[in-house]
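Student: Take a look at this one; I'll ask things after.
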Amino acid sequence: MVRIMFDDILKQLCNYYERKVFPLNSAHDLWFKKTENIPDEAAFYIRDRIYEELESFPKNLPKIMWAFYHEWIEAHPEKRAKLNYFNCPDCNEGLIFCRKKNSDDKYIRYVFKCSRCKQDHTPGYPMDSKKGLIEKGYEFEIPFAAPVKRSLADIKKSVGREIPAPNDYDMRPSP
Ligand SMILES: [Zn+2]
């Protein structure tokens, strides 16, 4: 969300709840930093849901905005792919893909939401840090076939499945 949009929504909320806090202050800067990854197009939906659900100005505005953003994205899953992800050294667009051997000594793929950047909000994936996962024995060197590129969507589909043996891959030499 761009700053001008955030300030506009904030002023509307303040007016609606008769909260006299202008001009915008440093708390508002912090709120903005915590919500700037919410896309602009969700802003009015979030504002209207706050109007509907809250009797008074929210105590924790960023938290309630993210909660209603999650509601919006669940209603509009097609919007998800358009989000701009920011670079995090620990993950891929907010998700950590890894593998671990099961009791039959076979690798299973897992996916976690990255707790370092917290930019993915897909329901159903647990949250953990790369460091924490390494300590729990997860591995990150998944031998994807080179040079065949796999899309993120393909990788997501493979989560929870057994990883094929290396000779199942198309092992052409790297360029
Ligand atoms: Zn991350």
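Student: Kindly indicate which of 56, 115 is surrounded by 13 or more Cβ atoms within 10 Å (Cβ to Cβ) and among the small types (Gly, Ala, Ser).
Tutor: Sole residue among the options that is surrounded by 13 or more Cβ atoms within 10 Å (Cβ to Cβ) and among the small types (Gly, Ala, Ser): 115.
Student: Taking the stretch 13-53, which residues are outside any helix (DSSP H, G or I) and in contact (Cβ under 8 Å) with a residue 24 or more places away in the chain?
Tutor: First, the residues of the stretch 13-53 that are outside any helix (DSSP H, G or I): 17-25, 36-39.
Selection gives 17, 19, 36, 37, 38, 39.
Yes or no, residue by residue, for (1) at pLDDT 85 or above; (2) among the hydrophobic types (A, V, I, L, M, F, W, C); (3) in the same structural domain as residue 34 (by TED's automatic domain parsing):
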site	(1), (2), (3)
87	no, no, no
115	yes, no, no
122	no, no, no
126	yes, no, no
141	no, no, no
145	no, yes, no
149	no, no, no
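Student: In the stretch 100-125, what residues are part of a loop (DSSP other than H, G, I, E, B), in contact with a strand residue (DSSP E or B) (Cβ under 8 Å, 6 or more places away or on another chain) and more than 14 Å from the ligand (Cβ to nearest atom)? Before the answer, list the steps.
Tutor: So in the stretch 100-125, the residues part of a loop (DSSP other than H, G, I, E, B) come out as 102-106, 115-125.
With in contact with a strand residue (DSSP E or B) (Cβ under 8 Å, 6 or more places away or on another chain) added as a condition, the list becomes 102, 106, 115, 118, 120-122, 125.
The answer is 102, 106.
Per-residue answers, yes or no, for (1) modelled with pLDDT of 80 or more; (2) surrounded by fewer than 18 Cβ atoms within 10 Å (Cβ to Cβ):
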| site | (1), (2) |
| --- | --- |
| 67 | yes, yes |
| 70 | yes, yes |
| 79 | no, yes |
| 84 | no, yes |
| 91 | yes, no |
| 100 | yes, yes |
| 103 | yes, yes |
| 108 | yes, yes |
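Student: Enumerate the pairs (first residue in the stretch 88-112 and closer than 14 Å to residue 122 by Cα; second residue anywhere and more than 16 Å from the ligand (Cβ to nearest atom) and assigned to a loop (DSSP other than H, G, I, E, B)) with beta-carbon separation below 6 Å, excluding pairs fewer than 6 apart on the same chain, so at least 6 apart or on different chains.
Tutor: Filtered contacts from the stretch 88-112: 111/159.
The values are calculated or read from the model by the stated rules, or taken from the named source; none is laboratory data. Everything numeric here is computed off the predicted structure, so don't read it as measured data. As a convention, Cβ positions derive from the backbone with ideal geometry for all residues, glycine included, and neighbour counts pool all protein chains shown.
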